Structures are given as C-alpha cells and as structure tokens.
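The values are calculated or read from the model by the stated rules, or taken from the named source; none is laboratory data. Since this is a predicted model, take the numbers as computed values, not measurements. Ideal geometry is used to build each Cβ from the backbone, glycine not excepted, and the neighbour counts take in all protein chains shown.
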Amino acid sequence: MGELSAAATAESVESKITDLVLEYALHPPAERPLGPGLSLRDDIGLDSFSLVSLMLRLGEEFNVDLAEESTRLGINLGEIATFGDLVRLGQAFSETAR
C-alpha cells in the first residue's frame, strides 16, 4: 500500500472512530478534530457502559473479534484511556482486516 493510500486509510479510521465516540459521548468536547490526549472518561464523558458499547461497535465496524484480536495484538483493552489510544486500536484492527 502506498504512503498516500496508507494516510487516507489512517484518516478514514480516525474519522470513523470520531463518529463512534461522538455517538456515545455524554458531553462531547467542542474542539475538532478530537485531540489524541482527550480522556475517554473525563473529557469526552464515556461511562463504563458507553465505553464497552463503543468497543463492541469498534469490533463490528472493523469486522474483528475484539477479545481475540486484542489478545493476538498484545493490546490490553483495560488500558484504553484516551482518544489516541482508541485511534491506535482502530488502526491496528484496520490493518488486521486488510
């Protein structure tokens, strides 16, 4: 995959994750694009239920088994705390789905 195509894919992944996060956010921040350091809980307002629902949707969006792929990739889902963490997870799933 060329650099341009990889950049477009990364942008597409971030856009998809932004849409999902805003769908579940209890108090979405006004800034766009969402900063990678934003806390999913404190800054975006995802409670535990919303975070689990979001993670399940993420698995569906990328057509991967969330538990299986995160284990295979060595990713601890309990450590996903920021928007940037979630984007990196989505990018890893996107690469797996190719």
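Some points to look at:
- With respect to the stated conditions, I44 fails to be without any contact (Cβ under 8 Å) to a residue 40 or more places away in the chain, within 23 Å of T9 (Cα to Cα) and more than 12 Å from the chain's Cα centre (by Cα).
- Only residues that are at pLDDT below 90 and either surrounded by 12 or more Cβ atoms within 10 Å (Cβ to Cβ) or outside any helix (DSSP H, G or I) (or both) were counted across the range 8-20, and they come to 3.
- Taken over the range 78-90, the residue count meeting the criterion of being assigned to a helix (DSSP H, G or I) and either touching a helix residue (DSSP H, G or I) at 6+ places or on another chain (Cβ under 6 Å) or surrounded by 19 or more Cβ atoms within 10 Å (Cβ to Cβ) (or both) is 5.
- Tabulated pairs, the range 78-98, first closer than 19 Å to R32 by Cα, second of a type in the set (D, E) and part of a helix (DSSP H, G or I), C-beta under 6 angstrom, 6+ apart or interchain: V87/E14
- Of all residues in the range 21-77, those being assigned to a loop (DSSP other than H, G, I, E, B), surrounded by 15 or more Cβ atoms within 10 Å (Cβ to Cβ) and among the small types (G, A, S) number 2.
- S48 being within 13 Å of Q91 (Cα to Cα), among the polar types (S, T, N, Q) and at pLDDT 90 or above: no
- Qualifying residue in the range 86-94 (condition: among the hydroxyl-bearing types (S, T, Y) and modelled with pLDDT of 90 or more): no
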